[in-house]
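S.K.: Quick one: structure below, then a few questions.
Any read-out appearing in this document is the output of simple, stated calculations on the displayed coordinates, not a laboratory observation. None of these values were measured; they are calculated from a predicted model. For neighbour counting, all protein chains shown are included, and Cβ atoms are generated from backbone atoms with ideal geometry for every residue, glycine included.
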Amino acid sequence: MKLIERFKQAGFAITCEAGPPKGIELNKLIDELEPLREKVDAFNVTDLQSSVLRVGSMATCRLLKERGLEPVMQLTCRDRNRLALQSDVLSAATLGIENLLCLTGDHPTLGDHPQAMPVFDLDSVQLLAAVKGLMNGKDMAGNDLEGKSPDFCLGAAVNPGADPLEPQIIKMQKKVNAGAQFFQTQAVYEVDKFADFCEKVSDLNVPVMAGLVLIKSPAMARFMNENVAGIHVPDEIIDELAAVPKEKRVLKSLQISARLIKQLKNLCQGIHIMSLGWERHVPALLEMAAL
Amino acid sequence: MLFTKNKPIDEILDSLDGEKNIFLLACNGCAEACGTGGQQGLDTTKAELEKAGKNVTAACLVDFLCNKLLVTTRLSREMETITKSDSILVLTCGVGVQAVSKVINKVVHPADDTVSLGGLQGLWPAEERCQACGQCALDYTGGICPVTTCAKGLLNGPCGGAQNGKCEVDPEKDCGWQLIYDRLKKLGRLENLAKLRTPRDHSKMLPSQELRKTSFYDVEQATES
């Protein structure tokens, strides 16, 4: 199912990130996602997240699809030139994948193969335009595709916490023009700032899904504040988590996230949960957030 | 030697859209030798601009536009004319355009595409870098090169990975798109960012057969002067 249908029908969608493992055994990941079957609309499968080598997004998406779990395939510009990107887009279509999230991708130096060549032949806007072209039966060189054209629901990313915000919004508009049908954001912890962002982009008329990283510990929150662009976990949240004993951290973390979801859900059209290994806690979180 | 080619006049006129008074500036170094700059470049471009109805406010020659000291010294005598002009059209390599943009608070348009660096990247090795992509984008980015200042060489805006204006790759390196954004804002040209830049044509980085036969590319193998 295309995610855009969900936005049209329900006006709201919930997705959960799924990070493929570094290895070929996917049973553990799939087992962890299984309890979310009826709870989320799609699983967003990362493409070598943080530039760390893992099994591919496309293969993982296909395996999810075979089990009746709806995937969103992330596709970054970091590792493939335009030939490989277009070929992978066609391959994804032949495997029945219907949702694509087109991203620039982190730089390879941030990952576990810092020696790798950074490709970035296309940027995220150009990738969206290229996929749109394939959907219209033409490759980037203007050649006709044979037979049926691929058909995708296209997503893109935006960082509402970026400073300055203006170039992010200008680029977001370009992504919409290029074919993006929905957006998911970097993790949001400042509701007022996010409300301001939503107001600024409301005239784009495109569904925005607020991103949420489950904070596992105060140290993790501080690490994100220092190292992840556009993420700012306010001190109140860090203190709130730090105030409970370790054995109650999971519950407190879920309470904080549930509260954020309740505040964010009225501002936007969806929630995208980045659980980072805490997939098993997501059902409880959704229940607490009354989603 | 940095080898440059004239951008097609239509592309130049397109970049000058809405501007009437143009200050012409040419390099008398590499670009003179390539025939894209120097007095010849100035004369040809001036005639083309006037044919298109533009008012050329000055046609100025500087020995090496990559040398910011020379540029600053020479242009300080022209400030009155530059202030009255809408923009500066620069006949030089990518390093030269960036150097001019760095020292003058004025919209700068490149008139040339840089196609080969030939072993020397500018005569004044400062922070400006050119990768000889053959499709100079400096017009749209306010004279700051996105190919060399952005770690990902992105053409359509920042990736979202910058923090406090610094690149995700190196916290001590400025985000190229932050510099471009600040510059365009200062110039009142932020609307440039909304334009869709199509993917680069990497085949333009391959030296042409004609170029390879010249001393601009390979002194030892040159069959033509």
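S.K.: Kindly provide log₁₀ I(q)/I(0) values, in the same order as q = 0.10 Å⁻¹, from the Debye equation applied to equal alpha-carbon scatterers of region A:48-204.
M.R.: -0.39
S.K.: Tell me which aspartates and glutamates have Cα within less than 19 Å of B:LYS185's Cα, excluding those fewer than 8 residues away on the same chain?
M.R.: Straight-distance partners of B:LYS185: A:ASP163, A:GLU166, B:ASP17, B:GLU19, B:ASP86, B:ASP139, B:ASP174.
S.K.: Taking Cα pairs under 8 Å and at least six residues apart, what relative contact order does region B:179-225 come out at, in percent?
M.R.: Relative contact order, region B:179-225: 18 percent.
S.K.: Then there is this: Under a cut-off of 17 Å between alpha-carbon atoms, report the lysines in cross-link reach of A:LYS193, not counting same-chain residues fewer than 8 places apart.
M.R.: A:LYS262, A:LYS265
S.K.: Here are some pairs, B:LYS84/B:LYS106; A:LYS171/B:LYS152; B:LYS68/B:LYS106; B:LYS166/B:LYS195; A:LYS175/B:LYS102; which of them have Cα atoms lying more than 19 Å apart in this structure?
M.R.: Long pairs (Cα-Cα over 19 Å): B:LYS166/B:LYS195; A:LYS175/B:LYS102.
S.K.: Quick one: helix A:191-201 against the long Cα principal axis of chain A, what's the angle to the nearest 10°, folded into 0 to 90?
M.R.: That helix lies at roughly 30 degrees to the long axis.
S.K.: Let me ask something else. By the scheme Lys and Arg +1, Asp and Glu -1, what is the net charge of all other residues having a beta-carbon under 14 Å from that of A:SER51?
M.R.: That works out to 0.
S.K.: Can you say what percent of the DSSP beta bridges in the protein assembly as shown, counting only those with both residues inside, are antiparallel? Round to 5.
M.R.: Here the antiparallel bridges make up roughly 15 percent for the protein assembly as shown.
S.K.: What net charge is computed for the residues neighbouring A:MET172, neighbours being all others with C-beta under 13 Å from the C-beta of A:MET172, Lys and Arg scored +1, Asp and Glu -1?
M.R.: Neighbourhood net charge equals +2.
S.K.: Given the DSSP H assignment, sum -39500 (n - 2.57) over each helix run of at least 4 residues in chain A and divide by its residue total; what's the result at 222 nm in deg cm²/dmol, nearest 500?
M.R.: After summing the helix terms and dividing by residue count, I get -12000 deg cm²/dmol.
S.K.: Let me ask another. For all pairs of alpha-carbon atoms in the protein assembly as shown, what percent lies in each bin of width 10 Å, listed from the first bin to the last filled one?
M.R.: Computed distribution, short to long bins: 4, 17, 25, 22, 15, 10, 5, 1, 0.
S.K.: Round to a whole angstrom and tell me the spacing of the C-alpha centers of region B:198-213 and region A:77-106.
M.R.: Answer, in whole Å: 27.
S.K.: Which of B:CYS66, B:CYS30, B:CYS167 ends up with the largest GNM mean-square fluctuation for chain B, with Cα atoms connected below 10 Å?
M.R.: Comparing B:CYS66, B:CYS30, B:CYS167 in a Gaussian network model of chain B, the most mobile one is B:CYS167.
S.K.: 5 Å is the cut-off here: which amide hydrogens, built 1.01 Å from N in the peptide plane, fall below it relative to A:VAL52, excluding neighbours closer than 5 in sequence?
M.R.: A:ASP112
S.K.: Determine the relative contact order of chain B: mean sequence separation of Cα pairs under 8 Å and six or more apart, normalised by residue count, in whole percent.
M.R.: Across chain B, relative contact order equals 18 percent.
S.K.: Once the other residues with Cβ under 14 Å from the Cβ of A:LEU291 are scored (Lys, Arg +1; Asp, Glu -1), what is the net sum?
M.R.: +2
S.K.: Sticking with this one: With a/c under 1.5 counting as rounded, go ahead and sort region A:1-139 into rounded, prolate or oblate using the C-alpha gyration tensor (a ≥ b ≥ c being the square roots of the eigenvalues; past the cut-off, prolate if a/b is larger than b/c, else oblate).
M.R.: Oblate, because a/c is 1.5 or more while a/b does not exceed b/c.
S.K.: At a threshold of 8 angstrom on Cα-Cα distance, excluding pairs fewer than six apart, so keeping six or more, what relative contact order does chain A reach in percent?
M.R.: With pairs under 8 Å counted, the relative contact order is 18 percent.
S.K.: Here is a further query. Report, in deg cm²/dmol and to the nearest 500, the calculated mean residue ellipticity at 222 nm for chain B, where each DSSP H run with n ≥ 4 adds -39500 (n - 2.57) and the sum is divided by the residue count.
M.R.: The helix contribution divided over chain B gives -8500 deg cm²/dmol.
S.K.: Below 16 Å, Cα to Cα, which lysines can B:LYS51 reach? Residues fewer than 8 away in the same chain don't count.
M.R.: Here the lysines satisfying the reach criterion relative to B:LYS51 are B:LYS20.
S.K.: Follow-up. With r defined as the distance between the Cβ atoms of A:LEU145 and A:ARG67 and R0 fixed at 41 Å, what FRET efficiency is calculated, to the nearest 0.05?
M.R.: 0.90
S.K.: Can you give the Rg to Rh ratio for chain A, taking only C-alpha atoms and Rh from Kirkwood?
M.R.: 0.95
S.K.: Just to be sure I understand: of the beta bridges DSSP finds with both ends in chain B, what percent are antiparallel, rounded to 5?
M.R.: DSSP beta bridges in chain B are roughly 25 percent antiparallel.
S.K.: What are the extents of the Cα atoms of region A:38-83 along their three principal axes, in Å, largest first?
M.R.: 35, 22, 16
S.K.: Rg to Rh for chain B: what is it, with Cα atoms only and Rh by Kirkwood?
M.R.: Radius of gyration relative to Kirkwood radius: 0.96.
S.K.: Given the peptides A:3-14, A:65-76, arrange them by the average over their residues of other C-beta atoms within 10 Å, most packed first.
M.R.: Peptide ranking by packing, descending: A:65-76, A:3-14.
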